[in-house]
Amino acid sequence: MDHIAAVPQHIKKRELQGLRPASYYVPEHLIQPLTEACSQFYIMSENTPHLKTPQIYAVKPDEKIKLRRSYHAVAFPTVHRVKSQGYMVYHTKRTLKSEFMELPPKEIGAMVQKGVNVHDRISIPEIAYTGDTTFEVFTNSPYTTPADLLKVKLLIVEATYMNDDCDYDERVSQARQWGHIHLSEIYENAELFKDVENILLIHMSDKYSVKYIEEKVYENIPESLQNKIHISTLAKDRYI
């Protein structure tokens with residue numbers, strides 16, 4: 001609920017700002033309950049017609065969501081206590097086919113005018129958001145898309161727990177019991193993220209202060225992750 005409740009709030013804020021209704025993509029099983037929840041908020045609110053008929057669409061794992069221009073998103077399953085999924089944004093680019101690399105521009109232009117396809121289209125994974133999940137999303141998924149999680153320019157991943165008051169196995173076991181990731185799992189498997197450009201840690205437990213989070217994130221950070229790890233504590237700063 002701490003995540004999905006943002007949908008009716010987002011609908012209301014966009015309407016207050018005079019923006020057109022947004023589209024929301026969720027797992028198929030959430031269509032009915034989320035639509036009903038928005039309807040109940042409509043009853044409790046004033047002048048928010050978009051809550052009455054929200055644009056909520058089902059998206060399955062590996063299914064594409066068309067975004068603006070040359071971008072699209074793909075859903076992938078995550079491992080949580082309830083059925084859940086993450087999302088990855090891809091940028092599709094045109095690149096010159098290898099067999100035409102050595103040709104002069106004029107010759108390539110002439111071929112294009114004749115209808116010759118001189119380009120390949122490649123999809124580059126740009127941003128991934130895991131939401132609530134265990135570390136198994138990186139190591140044990142039957143879907144092909146999650147392999148790109150380890151190639152993105154920005155990986156937004158939870159690190160709910162970061163305490164060190166017990167041994168590694170116990171910390172991991174406790175995190176997985178609640179469907180979350182322990183920071184030490186990321187650090188112990190730093191080599192997995194060698195091709196990820198940036199990692200934004202989110203969803204740290206409310207029992208941790210901003211100071212504690214900063215200490216734990218940076219005190220034992222592996223060298224290979226030192227320039228990649230960033231932490232999201234702005235909301236926590238404001239709350240405190």
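Coordinate-derived values only; no laboratory data. No experiment lies behind these values; they were computed from the predicted model shown. So basically every Cβ, Gly included, is an ideal-geometry build from the backbone, and we count neighbours across all protein chains shown.
Choose one of 224, 199, 209: the residue whose Cα lies farthest towards the positive end of the charge dipole of segment 179-224 (beta-carbon charges +1 Lys, Arg; -1 Asp, Glu; about the Cα centre).
Of 224, 199, 209, it is 209.
Would you mind checking which residues have amide H under 5 Å from residue 229's amide H? H placed 1.01 Å from N; only 5 or more apart, or other chain.
Those qualifying (amide H under 5 Å, at least 5 residues apart or on another chain) are 199.
Over the chain, what is the percentage of antiparallel beta bridges among all DSSP beta bridges, to the nearest 5?
On the way: 20 of 36 bridges.
Taking every DSSP beta bridge within the chain, about 55 percent pair in antiparallel fashion.
What number, in nm² with one decimal, is the all-direction average of the projected area of the convex hull of the alpha-carbon atoms of segment 1-58?
3.7
Can you list which of the GluC sites (Glu not before Pro) found in segment 39-121 are DSSP loop residues with at most 10 other C-beta atoms within 10 Å?
Values: sites: 46, 63, 99, 102, 107; in loops: 46, 63, 102.
Answer in residue order: 46, 102.
Nearest 20 debye, what's the magnitude of the dipole of the chain about its Cα centre given +1 on Lys and Arg Cβ and -1 on Asp and Glu Cβ? Mind dumping the intermediate values first?
Numbers: 29 positive and 32 negative charges, 317 e Å.
The calculated dipole for the chain is roughly 1520 debye.
Compute the Cα gyration tensor for the chain, then decide on rounded, prolate or oblate, letting a ≥ b ≥ c be the square roots of its eigenvalues: rounded whenever a/c is under 1.5, prolate when a/b is larger than b/c in the other cases, and oblate in all that remain.
Working: a/c = 2.13, a/b = 1.19, b/c = 1.79.
It comes out oblate by the Cα gyration axes.
Go ahead and run the numbers for FRET between residue 220 and residue 111, Cβ-Cβ distance against an R0 of 45 Å, rounding to 0.05. Mind showing how you got there, number by number?
On the way: r = 56 Å, r/R0 = 1.24.
With R0 = 45 Å, the Cβ-Cβ based efficiency is 0.20.
Just to be sure I understand: with springs between alpha-carbon atoms less than 10 Å apart, which residue in 229, 108, 43 has the highest mean-square fluctuation in the Gaussian network model of the chain?
Comparing 229, 108, 43 in a Gaussian network model of the chain, the most mobile one is 108.
Using the crude model of +1 on Lys and Arg Cβ and -1 on Asp and Glu Cβ, and no other charge, please compute the dipole size for segment 164-240 relative to its Cα centre, in debye to 20. Write out the running numbers ahead of the final one.
Working: 9 positive and 16 negative charges, 89 e Å.
Dipole magnitude for segment 164-240 comes out near 420 debye.
Quick check on the chain: helices-only [θ] at 222 nm, where DSSP H runs of length 4 and up contribute -39,500 (n - 2.57) each and the sum goes over total residues. Nearest 500, please.
It comes out at -8000 deg cm²/dmol, rounded to the nearest 500.
Distance cut-off 24 Å, Cα to Cα: go down the list 97/194; 12/211; 151/228; 153/211; 106/151 and report the pairs above it. Don't skip to the answer; put the middle values down first.
Numbers: 97/194 28 Å; 12/211 34 Å; 151/228 13 Å; 153/211 27 Å; 106/151 35 Å.
Listed pairs above 24 Å: 97/194; 12/211; 153/211; 106/151.
How large is ³J(HN,Hα), in whole Hz, for each residue of segment 90-102 in order, when computed from phi with the Karplus curve 6.51 cos²θ - 1.76 cosθ + 1.60 and θ = phi - 60°, using x for Gly and Pro?
10, 10, 8, 10, 9, 10, 5, 4, 4, 6, 10, 4, 8
What are the ³J(HN,Hα) values, in whole Hz, obtained from phi via the Karplus relation 6.51 cos²θ - 1.76 cosθ + 1.60 with θ = phi - 60°, for each residue of segment 179-184 in sequence order, with x given for Gly and Pro?
Taking θ as phi minus 60°, the curve returns x, 10, 10, 9, 3, 5 Hz for segment 179-184.
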